[in-house]
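Step one of this worksheet: look at the structure below.
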Amino acid sequence: MWTILKRIQKKISRPSYLNVSSLFDHLSEEENLNSMSQKINDEIEKIINELNEDKQNLSSIYQKEEKYIEDSWSRCKLDMIPGDLLLDKICKEYGVRFKKSTDGSRLASFMNKDDIDSEIKSLIKDIGTSR
C-alpha cells in the first residue's frame, strides 16, 4: 500500500508555478492592471484545471499503479522501496527513528567487508584509483 501511495504522490504532486514567461509575452507599456490581472488569473485557472484533472483521474492512476506493483513486486520489490524509508519504518516499531543523514554512516560502520556487494566495492575502488 505504501509503495503505491508513494508512486501516486510522485505522479500528482508536482509543483505548480505561474508561467512567468507567458505572462510577460507581448507585454507593452499600455498594459494596465486589469489586463495583467487577467493574464495572472488565466494562469491560475490553468493550474487549477490541471489539479482537477489529476483529482478526477486519481482512481485510474491508483488502479494502474496498483497493477504495476502487483505485477512487479516479486521481481523488484527492493528497488521499489527506498532503504532509508524502510529502515525508518522498522525503527519506528522500536520507538526510534532512522535518519539517513546522521544514521547512515553509523550503520555502515558496523558492516564487514563481506557485507558489501561486489558492485559497490568495485565502484568505490574505481573512485579511489581515479584520484
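Yes or no, residue by residue, for (1) among the hydrophobic types (A, V, I, L, M, F, W, C); (2) modelled with pLDDT under 90; (3) within 30 Å of Val20 (Cα to Cα); (4) out of contact with any strand residue (DSSP E or B) (no Cβ under 8 Å at 6 or more places or on another chain):
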{"position": "Ile48", "(1), (2), (3), (4)": "yes, no, yes, yes"}
{"position": "Ser59", "(1), (2), (3), (4)": "no, no, no, yes"}
{"position": "Lys67", "(1), (2), (3), (4)": "no, no, no, yes"}
{"position": "Val96", "(1), (2), (3), (4)": "yes, no, no, yes"}
{"position": "Lys99", "(1), (2), (3), (4)": "no, no, no, yes"}
{"position": "Ile124", "(1), (2), (3), (4)": "yes, yes, no, yes"}
{"position": "Thr129", "(1), (2), (3), (4)": "no, yes, no, yes"}
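Would you point out which residue out of Asp71, Asp126, Asp54 is in contact with a helix residue (DSSP H, G or I) (Cβ under 9 Å, 6 or more places away or on another chain) and of a type in the set (Asp, Glu)?
Values: Asp71 fails: in contact with a helix residue (DSSP H, G or I) (Cβ under 9 Å, 6 or more places away or on another chain); Asp126 fails: in contact with a helix residue (DSSP H, G or I) (Cβ under 9 Å, 6 or more places away or on another chain).
Only one candidate qualifies: Asp54.
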Checklist entry - Considering region 4-45 alone, what residues qualify as being hydroxyl-bearing (Ser, Thr, Tyr) and either modelled with pLDDT of 80 or more or within 28 Å of Asn57 (Cβ to Cβ) (or both)? => result Ser13, Ser16, Tyr17, Ser21, Ser22, Ser37
Checklist entry - Could you say whether any residue in region 88-95 is assigned by TED's automatic domain parsing to the domain that holds Ile4 and within 13 Å of Trp2 (Cα to Cα)? => result no
Checklist entry - Could we say that Ser74 is at pLDDT 90 or above, over 17 Å from the mean Cα position of the chain (by Cα) and at negative phi here? => result no
Next on the checklist: For region 97-131, which positions are surrounded by 11 or more Cβ atoms within 10 Å (Cβ to Cβ) and either among the acidic types (Asp, Glu) or outside any helix (DSSP H, G or I) (or both)?
Outcome noted: Arg97, Phe98, Lys99, Asp103, Ile116
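The values are calculated or read from the model by the stated rules, or taken from the named source; none is laboratory data. Note that the structure is predicted; figures quoted are calculated from it, not measured. Please note: Cβ atoms are built from the backbone with ideal geometry, for glycine as well, and neighbour counts cover all protein chains shown.
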